[in-house]
Amino acid sequence: MAIILQLLFTGLGIGAVYALVALGFVLIYRATNVVNFAQGQFAMLGGYCMVITTVDLGLPYWLGVVISLVVMALFGALFNLGVYYPLRHRSFLPVVISTIGASILITNLVLAIYGPEPTTLPGMTDYPGISFGAVFLDAQYLVIIATTLALVILQYIFFEHTMVGKKMQAVSQDKEMASLLGINVTGMIMLTFTYSAVLGGIAGILVAPILFVSVGLGAQIALKAFAASIIGGFGDVPGAIVGGLLIGVAETLGAFYISVPYKDAFAFILLFAFLLIRPQGIFGEKIAQKA
Amino acid sequence: MKNAAGFLLWLLALVIAVAFALILPINGYLMNLLMQASTYAIAVLGMTVVLGYAGQINIAQAAFFGIGAYGVAIGTTTLGMAFFAALALGAVVALGFGIVLGGSTLKLGGHYLAMVTISFQEIVTLVLTNWIGVSHGPDGISNIPRPHLGFLALDQSRHYLALCLFFLFVTAGLVAWLKSSRLGLSMQAVRDNELAAGVAGIDTYRIKIIAFAASACLGGLGGGLFAGAFRYISPDQFAFDDSVVLLTMALLGGVDAAIGAVIGTALLILLPEWLRFLKQFYLAVYGLAVILIMVFMPQGIFGYFARLFRRAPDLPRGEVAPLTLGASAGTGRPILEISGLSKHFGGLRAVDEVDLAIESGSVHALIGPNGSGKTTTLNLLSGIYRPTAGRIRLGGRDVAGLAPHLLAAAGIGRTFQNIRLFHSLTAFENVLIGSFRVGSGEHDAQSRRERALAALDFVGMAARAPVLVSSLPYGHQRLVEIARALAANPTLLLLDEPAAGLNLTEKQNLVALLRRLRGHGLTILLIEHDMDLVEQISDRITVLNFGRRIADGTPAEVLRHPDVVAAYLGEVAEDVTA
């Protein structure tokens, strides 16, 4: 029993990271109808920003976080300008390929500069964690879960109770109408990319002490986050969170009870199962193309 | 003639390439590059089919390449199979995975396919690395033998290169031929406009699976030859990065032409040799190149030049017999009977228990204010939506809820309110795709081509047959869309606002065209807002409002019906009507 609880806790912790990246996917998808295949690289970059600021430059942790998130925000805006904006009037395929190109570019630039060796990053606190009988709650996992929870609540308040949030929702539902109502669609999409990059950065910063910071970090998280968003119901915000947690738990249990080398495969097996049985995901509804 | 000349040219190039491989002194380093380029190019040709022709993404081509390579490696070493048997095994296994992956994903949107192929790529890498008993794990498999052709051993690299070039030429020839074939045109129709392709009678799901599976199979074939070329393989040669390299090759060269695949592969195999000064940055440059190609040169290198000197399509020559429309016999009997038809979107009743009967040989108009459910009704009739409830009987057969291509096969043709043509094809090719419908009455390629030209001629567009539809003016595009529907020889033609956006002359031409169609006995269901036009040509009118039928009868009855007047002009006050 203690083992299962322990695994559930670990799974929820790692799942929360997938959920954050999945949330970034979903927000960009809703705003632009495009899947951003470089979302995982945002997380990787967040991790490297922390390595540069706190390890290389020796800055305090909180300052590292602030600088990293500012850098990520700028990067999100730059990404929008370079990768999405020139292709915004084209069909889905060129934009997707362009974001795949961007993910290759980012990964290999970091690889060329930092090399393939993973770097360790200390957690937010030196405090090891709390023990409940045989179950040990690691501090970093607690930080991840708490931060994710806080972000989800903040995001809810932002989208439902602020003007900018509502404008962003309007843009994601109908760009033409939003534009007719005087909403700056380009600006709102810019904001979405910026926010998604920050979300990705936070995920990277949170997960770095657990998984190490390496160039492979982006792809590793992104694939599972994407699987999470499909399992939850593509384009659905609560779906992304539930899907992320589900995958985190599934792969932790799978690694413990079935096979460690194939740990990374469980998310995809779950994904295939969903595609075959319930392709619209947990919360999704089928949407037909309108003639 | 053109095809024969092309074939001879291709054969000549094949002989020269194979002869050069056998005769020219090629050093070991260059030999490796050439073997790599020719085997990669076969896999990239797979990308041409799936991404270029059918418009479906595949980011797992390196995985299929790896499956083919391991097929040859395991087949020849562990299982002791003959080389060509193992090559076939690898290609067939890749094909099988292609069918399963495509079959499970291609009903969904494009991003699902992107995701699933990436996942598949990762799983294949994991399995190749960890299933040590079979794949030998990260160590890979060495001492892969090369084949014998009867008594001729292809042990020497130059002989093996000749074999690879032979396979490359055959594959490239087939992929180039595919583009103008019925299957290839269907793929391009799906790519350009999936909805219209379905309504034109193409089983879009099946076409996408075929394209995806063919691509996987070519990946497997290229990989199998690759294994024989280098005689040693390991999992890291078939990773995600390599899938991206294969994707980039296809995009760079020009994704919808076989020559583009060869150009792209050759460039990206040679480029790293020239770009050695970039050292560790060269993959990053790949990534940048992908973005730049998408932004500045989406057609790729070959596509860019091909636009400059486009070949005119091969049209049927001589006199073309006038278009025949096999309208059903027995004018006056109902050909389409709709009863209790409903379509609800959540709480919205877009179509609500509508009854409608259309007599064979008549022009029946469906009118109503905006949002009254007219287009939704047409979408139900052409299979784009499935009805929530109700029956649709076409010629006595219940067809409600069938897929678009099955309804097309049953005899329903249609045009769209916002024109949906296959924009990268010519007017002739667009209409030719219409003639592919089972039941068009044409059974061989030549008669279908003649029918397509006859249909264009019928709407007065024969002179524009070789022109790309995207460069035609709006009014002409409407006519091409009607010709596409006519080429299918429908028993019932659905026209969704055919007069929208037309000027006065074009409208008069349209009325004349509709009259001629009725003269041929074709049954037409028409949605139109232009009441003059409706009054001029329709035999019967049905009026919808808020999804419900509010009137049905002859034009004279219906257009004076108080409910209809109210629906169009708003409620009329009691004392005014009195």
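A few notes on this one:
- Residues of region A:96-113 satisfying the condition of being more than 8 Å from chain B (Cβ to nearest Cβ) and under 18 Å from A:A197 (Cα atoms): A:T99, A:V110
- Among the residues listed as B:L225, B:L288, B:L221, the single one being surrounded by fewer than 24 Cβ atoms within 10 Å (Cβ to Cβ), assigned to a helix (DSSP H, G or I) and either touching a helix residue (DSSP H, G or I) at 6+ places or on another chain (Cβ under 7 Å) or within 14 Å of chain A (Cβ to nearest Cβ) (or both): B:L288
- Residue within region A:49-70 that is surrounded by 17 or more Cβ atoms within 10 Å (Cβ to Cβ), at pLDDT below 90 and polar (S, T, N, Q) present: no
- Subset of region B:114-136 [more than 10 Å from chain A (Cβ to nearest Cβ) and not β-branched (V, I, T)]: B:L128, B:G133, B:S135, B:H136
- Residue list for region A:254-279, restricted to those being surrounded by fewer than 18 Cβ atoms within 10 Å (Cβ to Cβ) and of a type in the set (A, V, I, L, M, F, W, C): A:F256, A:I258, A:V260, A:I269, A:A273, A:L276, A:I277
- Only strands (runs of 3 or more DSSP E) whose full extent lies in region B:482-564 are considered here, and the ones with at least 1 residues that are in contact with a Leu (Cβ under 6 Å, 6 or more places away or on another chain) are B:492-496, B:523-527, B:540-545.
- Long-range neighbours under 7 Å by Cβ, at least six apart or interchain, first residue within 13 Å of chain B (Cβ to nearest Cβ) within region A:70-91, second of a type outside the set (A, V, I, L, M, F, W, C) and part of a helix (DSSP H, G or I): A:V83/A:S98; A:V83/A:T99; A:Y84/A:T32; A:L87/A:P94; A:L87/A:S98
- You will find that of B:N430, B:N489, B:N503, the residue that is outside the structural domain of B:L183 (by TED's automatic domain parsing) and surrounded by fewer than 20 Cβ atoms within 10 Å (Cβ to Cβ) is B:N503 and no other.
- Test: residue in region A:22-45 that is free of Cβ contacts under 8 Å to residues at least 60 places away in the same chain and surrounded by fewer than 24 Cβ atoms within 10 Å (Cβ to Cβ): yes
- Tabulated pairs, region B:149-172, first within 19 Å of B:L24 (Cα to Cα), second of a type outside the set (A, V, I, L, M, F, W, C) and loosely packed, with under 12 Cβ neighbours inside 10 Å, C-beta under 8 angstrom, 6+ apart or interchain: B:S157/B:G28
- Condition met for A:F25 (under 15 Å from A:S196 (Cβ atoms), touching a Leu at 6+ places or on another chain (Cβ under 9 Å) and of a type in the set (A, V, I, L, M, F, W, C)): no
- Residue match in region A:110-133 (condition: surrounded by fewer than 24 Cβ atoms within 10 Å (Cβ to Cβ), in contact with a His (Cβ under 9 Å, 6 or more places away or on another chain), at pLDDT below 90 and part of a helix (DSSP H, G or I)): no
- Within region A:215-227, residues that are more than 10 Å from B:M115 (Cα to Cα) reach partners that are of a type outside the set (V, I, T) and surrounded by fewer than 24 Cβ atoms within 10 Å (Cβ to Cβ) with beta carbons closer than 6 Å, at six or more positions or on different chains, in the pairs A:V215/A:L111.
- Spans of helices (runs of 4 or more DSSP H) in region B:1-83 with at least 3 residues surrounded by 14 or more Cβ atoms within 10 Å (Cβ to Cβ), among the β-branched types (V, I, T) and modelled with pLDDT of 90 or more: B:28-47
Every residue, every condition in (1) at pLDDT 90 or above; (2) in contact with a Gly (Cβ under 9 Å, 6 or more places away or on another chain); (3) surrounded by fewer than 14 Cβ atoms within 10 Å (Cβ to Cβ), yes or no:
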position: B:P298; (1), (2), (3): no, no, no
position: B:A321; (1), (2), (3): no, no, yes
position: B:G332; (1), (2), (3): no, yes, yes
position: B:H364; (1), (2), (3): yes, no, no
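- Single residue of B:L514, B:L544, B:L559, B:L495 found to be at pLDDT 90 or above, under 27 Å from B:I392 (Cβ atoms) and either basic (K, R) or out of contact with any Lys or Arg (no Cβ under 9 Å at 6 or more places or on another chain) (or both): B:L514
- Of all residues in region B:356-399, those satisfying the criterion of being under 23 Å from B:A197 (Cβ atoms), among the hydrophobic types (A, V, I, L, M, F, W, C) and either within 12 Å of chain A (Cβ to nearest Cβ) or free of Cβ contacts under 8 Å to residues at least 24 places away in the same chain (or both) are B:L378, B:L380, B:L381, B:I384, B:V399.
- The set of residues in region A:40-56 being of a type outside the set (F, W, Y) and out of contact with any strand residue (DSSP E or B) (no Cβ under 8 Å at 6 or more places or on another chain) consists of A:G40, A:Q41, A:A43, A:L45, A:G46, A:C49, A:I52, A:T53, A:T54, A:D56.
- Taking the listed residues A:I282, A:I247, A:I205, the one that is crowded, with 23+ Cβ neighbours inside 10 Å, farther than 18 Å from A:F42 by Cβ, in contact with a helix residue (DSSP H, G or I) (Cβ under 7 Å, 6 or more places away or on another chain) and touching a residue at least 40 places away in the same chain (Cβ under 8 Å) is A:I247, with no other qualifying.
- Look at region B:238-266: where a residue is over 21 Å from B:G224 (Cβ atoms) and within 10 Å of chain A (Cβ to nearest Cβ), no partner that is of a type in the set (D, E) and in a helix (DSSP H, G or I) sits 6+ places away or on another chain with Cβ atoms under 8 Å.
- Those residues of region A:248-268 which are β-branched (V, I, T) and either more than 20 Å from the chain's Cα centre (by Cα) or more than 18 Å from B:L126 (Cα to Cα) (or both), in sequence order: A:V249, A:I258, A:V260
- Flag if B:A409 is surrounded by 19 or more Cβ atoms within 10 Å (Cβ to Cβ), under 26 Å from the mean Cα position of the chain (by Cα) and either at positive phi or away from every other protein chain (no Cβ under 13 Å) (or both): no
- Residue that is surrounded by the most Cβ atoms within 10 Å (Cβ to Cβ), among those in region B:438-452 that are closer than 18 Å to B:P490 by Cβ and not charged (D, E, K, R): B:A452
- Being under 25 Å from A:L223 (Cα atoms) and of a type in the set (V, I, T) is a property that does not hold for B:I74.
The values are calculated or read from the model by the stated rules, or taken from the named source; none is laboratory data. Please read all numbers here as calculations on a predicted model, not as lab measurements. Note that we place each Cβ from the backbone using ideal geometry, even for glycine, and neighbour counts take in every protein chain shown.
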